[in-house]
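Trainee: Right, I'll just put the structure down here and ask away after.
The values are calculated or read from the model by the stated rules, or taken from the named source; none is laboratory data. Computed from a predicted model, the values in this text were never measured in an experiment. All Cβ positions, glycine included, derive from the backbone under ideal geometry; neighbour counts span all protein chains shown. Accessible surface is based on the protein model in full, side chains and every heavy atom, while ligands, DNA and RNA are left aside. Shrake-Rupley method; radii C 1.70, N 1.55, O 1.52, S 1.80 Å.
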2 protein chains.
Amino acid sequence: MSSATADRPKAAQRIHSAAKDLFHRQGIRATGIEEVCRVAEATKMSLYRSYPSKDALVAAILEEDAAAYDAWFAEATALATAPAEKLRAVIAAIADKLEKPDFCGCPLLLAQAEFRDPGHPTFRLVAAYKSRIRDQLAGLAREAGAADPVLLGDTLAMLIDGAWCSLPYMGGPQAATVLRQSTAAIMDVLGKPA
Amino acid sequence: MSSATADRPKAAQRIHSAAKDLFHRQGIRATGIEEVCRVAEATKMSLYRSYPSKDALVAAILEEDAAAYDAWFAEATALATAPAEKLRAVIAAIADKLEKPDFCGCPLLLAQAEFRDPGHPTFRLVAAYKSRIRDQLAGLAREAGAADPVLLGDTLAMLIDGAWCSLPYMGGPQAATVLRQSTAAIMDVLGKPA
DNA sequence: TCTTGATGATACCGACCGGTCACTTACTAT
DNA sequence: ATAGTAAGTGACCGGTCGGTATCATCAAGA
């Protein structure tokens with residue numbers, strides 16, 4: 001067992017990844033810290049040595065999620081040069097995500113539904129993240145020369161959030177297909193100059 | 001106080017409406033039954049005399065929500081005659097809903113985010129409701145002569161769900177405007193025969 | 001007037017939750 | 001060998017949760 005324990009990630013890391021997975025799949029309120037520790041094969045004391053509270057653990061995970069999405073957005077847009085192509089690349093990347101079998105929706109959007117108080121840190125974090133995405137989409141739409149860049153950007157934002165939500169009743173493949181085709185159609189109409 | 005108590009709704013009714021409001025605004029898991037009873041000015045015993053459990057109360061409210069949405073859908077579409085006009089009427093009615101100041105999103109969609117287990121009654125109820133809406137939209141799209149009715153219907157379904165989600169970071173008025181304009185554009189493109 | 005059904009008041013239960021405690025184990029760097 | 005540090009163990013705390021039991025109140029109808 002010595003070799004197994006040697007390669008084993010640190011307790012804090014195990015707790016972090018277990019919590020991320022459980023919070024995402026089951027929901028944050030539905031997941032107790034004892035379950036997190038059991039799945040992480042760690043103890044509560046290890047959790048509380050790394051994070052001062054469950055809320056702090058939640059915040060750390062959601063901040064990481066938001067940062068990962070920012071990086072992923074930058075990466076997806078970096079592959080293209082023209083602004084319109086950047087928008088298409090973002091949509092394509094989201095559609096690919098939707099098709100992954102075990103994907104169950106945007107973690108940040110789900111989290112916001114669990115913490116609906118506008119003053120709650122989680123709510124604010126998600127709102128800030130979504131606003132950032134919204135601004136980026138509108139910026140690309142403006143660079144692409146859309147007649148009404150805010151309208152195009154907000155429409156894409158709506159379709160993206162709608163795609164996350166449609167996952168449970170539409171299924172990943174169909175959600176991906178609809179997102180791809182509807183955004184293509186929308187960009188044909190709203191992407192042109194006035 | 002006698003006149004006040006005389007006109008007062010029955011305890012079961014007060015509990016029902018208080019729970020509906022709190023579950024919608026704060027979330028189901030975030031609302032305890034004691035808070036429901038306090039707001040309803042009733043006692044726990046009155047609650048449990050009318051409903052066998054909190055889950056049953058939740059189910060009753062969500063079923064009522066779903067039924068109300070069905071009736072509201074029928075009413076919105078009844079005003080128009082042509083299928084394309086029916087679709088426009090549904091979108092218009094949703095946009096109006098979005099603009100109401102105290103509206104905070106589709107109760108069923110929010111509830112599903114709280115109960116993510118596919119086997120949970122709440123999850124299933126919402127999935128069934130969303131599928132029904134999806135079918136109705138596709139049906140109207142087919143009657144309207146769309147080249148790909150499923151694509152049009154699913155696109156509209158996505159935009160609608162996206163509109164609910166965009167409420168926190170976009171605001172009701174802007175969400176309504178975007179929904180109106182984007183659906184008009186989409187129906188121009190996808191609403192025509194092949 | 002007497003009954004009856006609905007409601008209120010309140011104390012209580014067991015279970016679970018987030019979080020803390022004192023103490024032990026095991027690895028590792030010097 | 002030793003000391004420092006990360007991690008584990010299991011009991012425990014106060015609070016809250018969903019849910020129940022008992023008894024009192026009170027209005028309306030026979």
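Trainee: Could you tally the net charge around A:Ala141, taking each other residue with its Cβ under 14 Å from the Cβ of A:Ala141, Lys/Arg +1 and Asp/Glu -1? Don't jump to the answer; show the numbers that get you there.
Mentor: Working: positive: A:Lys86, A:Arg88, A:Arg134, A:Arg142, A:Lys192; negative: A:Glu85, A:Asp135, A:Glu143, A:Asp148, A:Asp154, A:Asp188.
With Lys, Arg at +1 and Asp, Glu at -1, the net is -1.
Trainee: Okay, next question. Between B:Asp135 and A:Met45, what's the calculated FRET efficiency when r is the beta-carbon distance and R0 is 51 Å? Round to 0.05. Intermediate results must be reported in sequence, preceding the final value.
Mentor: Working: r = 52 Å, r/R0 = 1.02.
In this case the efficiency is close to 0.45.
Trainee: Hey, for a label at A:Lys10 modelled as a point 7 Å past Cα toward Cβ, could you say which residues of segment A:44-61 have their backbone N under 12 Å away?
Mentor: A:50-51
Trainee: For A:Gln26 and A:Ala128 in one chain, what is 0.36 nm times their gap in residues minus the Cα-Cα distance, to one decimal in nm?
Mentor: Values: separation 102, 0.36 × 102 = 36.72 nm, distance 2.35 nm.
That works out to 34.4 nm of additional length.
Trainee: In the neighborhood of A:Ala59, defined by Cβ-to-Cβ distances under 11 Å, what is the net charge if each Lys or Arg adds +1 and each Asp or Glu adds -1?
Mentor: -2
Trainee: Over chain B, with every protein chain in place, what whole percent of the accessible area is carbon and sulfur at 1.4 Å, could you tell me?
Mentor: Numbers: 4920 of 8850 Å².
Result for chain B: 56 percent of the exposed heavy-atom area is carbon or sulfur.
Trainee: Can you list the GluC sites (Glu not before Pro) in segment B:34-117 that are in a DSSP coil and have 12 or fewer other beta carbons within 10 angstrom?
Mentor: For GluC sites (Glu not before Pro) across segment B:34-117 that sit outside H, G, I, E and B with at most 12 neighbouring Cβ atoms in 10 Å, the list reads B:Glu41.
Trainee: Under the classification rounded if a/c is under 1.5, otherwise prolate if a/b is larger than b/c and oblate if not, where does the protein assembly as shown fall, given a ≥ b ≥ c as square roots of the Cα gyration tensor eigenvalues? Please report the intermediate quantities before stating the final value.
Mentor: Numbers: a/c = 1.96, a/b = 1.07, b/c = 1.83.
It is oblate, given that a/c is not under 1.5 and a/b is not larger than b/c.
Trainee: I'd like the accessible area for A:Ile160, computed on protein heavy atoms only with a 1.4 Å probe and all protein chains in place. Round to 10 Å², please.
Mentor: That residue has around 10 Å² of solvent-accessible surface.
Trainee: B:Ala82 versus B:Ala67, label points 7 Å from Cα toward the beta carbon: distance in nm?
Mentor: Going by the 7 Å Cα→Cβ label model, 3.6 nm.
Trainee: Full extension from A:Lys192 to A:Glu34: what is 0.36 nm times the residue separation minus their Cα-Cα distance, to one decimal in nm?
Mentor: Details: separation 158, 0.36 × 158 = 56.88 nm, distance 5.41 nm.
The span from A:Lys192 to A:Glu34 would gain 51.5 nm if fully extended.
Trainee: Between A:Lys97 and the same site in the other copies, what are the distances in nm, shortest first, taking label points 7 Å from Cα along the C-beta direction?
Mentor: Ordered by distance, the counterparts are at 2.6 nm.
Trainee: Could I ask something else about it? Mean Kyte-Doolittle of at least 0.5 plus a Cα span of 20 Å or more along the axis: flag which DSSP H helices in chain B meet both, please.
Mentor: Working: long enough: B:11-26 (22 Å, -0.77); B:54-78 (36 Å, 0.37); B:83-99 (25 Å, 0.32); B:121-143 (33 Å, -0.31); B:149-170 (31 Å, 1.04); B:172-190 (26 Å, 0.55).
The answer, listed by residue number, is B:149-170, B:172-190.
Trainee: How large is log10 of I(q)/I(0) for segment B:72-194 at q = 0.15, 0.17 Å⁻¹ when the intensity is taken from the Debye formula with one equal scatterer per alpha-carbon?
Mentor: Each listed q maps to, in turn, -0.70, -0.88.
Trainee: Given +1 on the Cβ of Lys and Arg, -1 on the Cβ of Asp and Glu, and no further charges, what dipole in debye does segment A:55-190 carry about its Cα centre, rounded to the nearest 20? Provide the component values of the computation, followed by the final result.
Mentor: Details: 11 positive and 18 negative charges, 52 e Å.
Once rounded to the nearest 20, the dipole reads 240 debye.
Trainee: Chain pair A, B: how much accessible area is buried, both chains summed, with a 1.4 Å probe, in Å² to 100? Please list the in-between numbers first.
Mentor: Working: alone 10590 and 10610 Å², together 17690 Å².
Summing both sides, the interface buries roughly 3500 Å².
Trainee: Any idea of the accessible area per residue across the protein assembly as shown, 1.4 Å probe, to the nearest Å²? Intermediate results must be reported in sequence, preceding the final value.
Mentor: Numbers: 17690 Å² over 388 residues.
Accessible area per residue: 46 Å².
Trainee: Something else: Add +1 for every Lys or Arg and -1 for every Asp or Glu among the other residues with Cβ under 15 Å from the Cβ of A:Arg132, and state the total. Before the final figure, lay out each step's value.
Mentor: Numbers: positive: A:Arg124, A:Lys130, A:Arg134; negative: A:Glu63, A:Asp65, A:Asp70, A:Asp135, A:Asp154, A:Asp161.
Counting the neighbours of A:Arg132, the net charge comes to -3.
Trainee: Also, quick follow-up: Under the convention of a label 7 Å out along Cα→Cβ, give the distances in nm from A:Ala184 to the same position in every other copy, shortest first.
Mentor: Spacings between copies for this position, smallest first, are 2.6 nm.
Trainee: Setting aside same-chain residues fewer than 8 positions from A:Lys10, which lysines have a Cα under 19 Å from its Cα?
Mentor: A:Lys20, A:Lys44, A:Lys54
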